[in-house]
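S.K.: Pasting a structure here, questions to come.
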Amino acid sequence: MKTESIRPSRGVVVAGTCSSGGKTLISALLISALRVRGMPVQAFKVGPDYIDPGYSAHYAGRATYNLDHYMMGEQRIRDVVARRTFDAVGVVEGVMGLFDGTHPTSAEGSTWGIAGLLGWPVFLVIPAARQGRSIRAIVRGFMEEGRPDSRITGIILNRVSGDAHAEYLRSALADLSVPVLGAVPELSGVDWPERHLGLRASQEYDLPPMERLAGHAGSHLDMDAIVARLKPQPQALPQGKSGLFSKDRFGVGSRIGIAMDRAFHFYYPSSLDAVREWGFELCPFSPISDQRLPEGLDGLIIGGGFPEIFARELAANESMRMAIRDFVESGGPCYAECGGLMYLTGGIVPQGSGFHPMVGILPGQVQMKSRLQRFGYTEGRFDPDKAGYRGHEFHHSAWDRENDCGNLWHARRSTCGSMRKEGYRYKNLHASYIHLEYSTAEPLFRDLFGRQDRRGSPSHQPEYCVPI
């Protein structure tokens, strides 16, 4: 790839020893403290996560970009980071534990792999509640696993019980080669509850102000030492306006309505960048509160989110449900993912009892389960013997007609290679549980939205099943 220039960029990777260890909190503290010091910050998140990026985006004051090796590949990750850190310091929040990735025997897809790809230092966050001298074994184990190219340059202890506990742990780790850069106690007013997908979405409540988090960082983190470790690394800036998408702007003049509210907000910023770069105008609307679709739409995107949490409000908005159904029935192109698929079925059944009617384009209904139904990287293949589009599944609901009505494509699990028929195709509707990174699925979007005459002249008819 030709490049415009090679220039330095600065950043740090906030990693953990496990999930729910405090990476999101520590990232928010760092971002807030850096911004208060007058340093613009660009946040990133390793892996296919829609929830945690909402927190870092709030404190960075700009969208958080996901870095996913399986869906994006190394070059696209480098390009996104180079573009987004042109005028900012990068703060990458890791996924799960530092070495957890796509495969059990390699660094592919892990926070460790991303840190190596970017050449940025790693701060290891360790949940320290009820920890004593045994914390040495944790630190030494992580250091040893990372050799010979250990990028761990600092330890941040989270959830210490007080000053005495923090001092005890600092003394236990004093002779190791990696310094302790902070010890953070339970912070009053920073209580971020969890739901079945992890943290609750940041859109659902008011977050503490940035200045308060910066104050906590100043009290409990060695910010001078942290800033000193933000050493510039060379990054290649891709050629052209973006360097990431097709130069063929096949969507010029088209308006795409995009569901955007408390129920539907699972969109990767790079996906939305791609849609705009292709020439489409995005027109946000709320399936919860708007009574009708925006005027003059040439297509719809209904992404993921939590329609089950807001099922009562969605069901009550009958005029919007009917407007979407009429749009799809008339041949209007519609792309729906996960929560969008759920919304387009006949209804949502919560755990226990009850039923909330939805749009009714897909046959059957979805039922909420107590356990994950699908989790992990998945490839959607139109031809089972040919490569398809890489994505991710993570949902607690089950579509009760998938076995007999799934007709969109073959879903292949990346870990075991198993396949199943998945998703639903009807007229110009593409509905699936699989979340895609849109910029890697340009042919799909070109086929669905790229023709100006799509509405009213559907190219795909259902193989079987009819809407209820």
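S.K.: Considering Cα pairs under 8 angstrom that are at least six residues apart, work out the relative contact order of the chain and quote it in whole percent.
M.R.: Value for the chain: 14 percent.
S.K.: Quick query: amide H of His395 versus all other amide H atoms, modeled in the peptide plane; which residues come in under 5 Å with a sequence gap of 5 or more or a different chain?
M.R.: Gln373, Arg374
S.K.: For region 70-120, what is the Kirkwood hydrodynamic radius in Å, using each pair of distinct C-alpha atoms?
M.R.: On the way: mean 1/r = 0.0864 Å⁻¹.
For region 70-120, inverting the mean 1/r across all distinct Cα pairs yields 11.6 Å.
S.K.: Could you calculate the FRET efficiency of Phe382 with Arg413 from 1/(1 + (r/R0)^6), where r is the beta carbon distance between them and R0 is 25 Å, rounded to 0.05?
M.R.: Here the calculated transfer efficiency is 0.90.
S.K.: Further question: At 7 Å along the Cα-to-beta-carbon direction for both Asp175 and Asp87, put a label point, then send me their distance in nm to one decimal.
M.R.: Calculated label separation equals 5.1 nm.
S.K.: Based only on Cα atoms, what Rg/Rh ratio does the chain have, Rh being taken as Kirkwood's radius?
M.R.: Result for the chain is an Rg/Rh of 0.99.
S.K.: Here is a follow-up. Treating each Cα of region 358-449 as an identical point scatterer and ignoring solvent, apply the Debye formula and state log10 I(q)/I(0) at q = 0.15 Å⁻¹.
M.R.: Rounded to two decimals, the profile gives -0.58.
S.K.: So, with +1 on the Cβ of K and R and -1 on the Cβ of D and E, and no other charges, what is the size of the charge dipole of region 85-232 about its Cα centre, to the nearest 20 debye? Don't jump to the answer; show the numbers that get you there.
M.R.: Details: 13 positive and 18 negative charges, 83 e Å.
Charge dipole of region 85-232: 400 debye, to the nearest 20.
S.K.: Please work out, to two decimal places, the log10 of the ratio I(q)/I(0) at q = 0.14, 0.15, 0.20, 0.24 Å⁻¹ from a Debye calculation in which every Cα of region 125-197 carries one identical scatterer.
M.R.: Here log10 of I(q) over I(0) equals -0.49, -0.55, -0.85, -1.06.
S.K.: Calculate the dipole size of the chain relative to its Cα centre from +1 charges on Lys and Arg beta carbons and -1 charges on Asp and Glu beta carbons; express the result in debye to the nearest 20.
M.R.: Here the chain has a charge dipole of around 620 debye.
S.K.: Place the peptides 219-232, 328-341 in order of packing, highest mean first, counting for every residue the other Cβ atoms within 10 Å and averaging per peptide.
M.R.: So the peptides 219-232, 328-341, ranked by packing, come out 328-341, 219-232.
S.K.: Also: Give, in nm to one decimal, the length gained when the segment between Glu318 and Glu144 is fully stretched (0.36 nm per residue of separation minus the Cα-Cα distance).
M.R.: 56.8 nm
S.K.: Find how much the distance from Ala164 to Ser20 grows on full extension, using 0.36 nm per residue of separation minus their present alpha carbon separation; answer in nm with one decimal.
M.R.: 49.4 nm
S.K.: Right, another one. List every residue whose amide H lies under 5 Å from the amide H of Gly364, counting only residues 5 or more places away in sequence or on a different chain, with H placed 1.01 Å from N in the peptide plane.
M.R.: Sorted by chain and number, the residues that satisfy this are Gly346, Ile468.
S.K.: If R0 is 25 Å, what FRET efficiency do you get for Val190 and Phe375 from their C-beta distance, rounded to 0.05? All intermediate terms of the calculation are to be shown ahead of the outcome.
M.R.: Numbers: r = 28 Å, r/R0 = 1.13.
The value I calculate is 0.35.
S.K.: Could you rank the peptides 70-78, 248-256 by their average count of other C-beta atoms within 10 Å per residue, with the highest value first?
M.R.: Listed from highest to lowest mean packing, they are 70-78, 248-256.
S.K.: A further question follows. What is the Cα convex hull volume of region 8-237 when expressed per residue in Å³?
M.R.: 121 Å³
S.K.: Can you list residues whose amide H is under 5 Å from Leu429's amide H, if they're 5+ apart or on another chain and H is modeled 1.01 Å from N?
M.R.: It is Cys334, by chain and number.
S.K.: Considering the options Pro294, Gly305, Met342, tell which one lies farthest towards the positive end of the dipole of the chain, charges being +1 on Lys and Arg and -1 on Asp and Glu at the Cβ, about the Cα centre.
M.R.: Farthest towards the positive pole: Gly305.
S.K.: Rounded to whole Å and ordered largest first, report the semi-axes of the equivalent ellipsoid of region 255-449 derived from its Cα gyration tensor (root of 5λ). Could the numbers behind the result be given before it?
M.R.: Details: eigenvalues 107, 93, 42 Å².
Working through the eigenvalues yields semi-axes of 23, 22, 14 Å.
S.K.: Sticking to Cα atoms, compute the Rg of region 1-94 to one decimal and its Dmax as the biggest Cα-Cα distance, whole number, in Å.
M.R.: 13.1, 41
S.K.: Starting from the Cα of Thr105, step 7 Å along the direction of its Cβ; do the same at Arg325; then give the gap between the two resulting points in nm.
M.R.: The answer from the label model is 5.2 nm.
S.K.: On to the next question. For the chain, give me the percentage of DSSP beta bridges that are antiparallel, rounded to the nearest 5 percent.
M.R.: Values: 36 of 80 bridges.
Counting DSSP beta bridges with both partners in the chain, the antiparallel share is about 45 percent.
S.K.: Expected output is a single nm value to one decimal: the length gained when fully extending between Glu295 and Lys231, i.e. 0.36 nm times separation in residues minus the C-alpha distance. What is it? Don't skip to the end; give the middle numbers.
M.R.: Details: separation 64, 0.36 × 64 = 23.04 nm, distance 4.97 nm.
So the extension gain works out to 18.1 nm.
S.K.: While we're on this one: Starting at the first residue of region 110-123, write each ³J(HN,Hα) from the Karplus equation 6.51 cos²θ - 1.76 cosθ + 1.60 with θ = phi - 60°, in whole Hz, x for Gly and Pro.
M.R.: 8, 4, 4, x, 5, 4, x, 5, 8, x, 9, x, 10, 9
Read-outs: derived from the displayed coordinates by stated rules, not from any lab. Just so we're clear, the structure is a prediction, and the values are computed from it rather than from any experiment. When we count neighbours, we look across all protein chains shown, and the Cβ atoms used for this are built from the backbone with ideal geometry, even at glycine.
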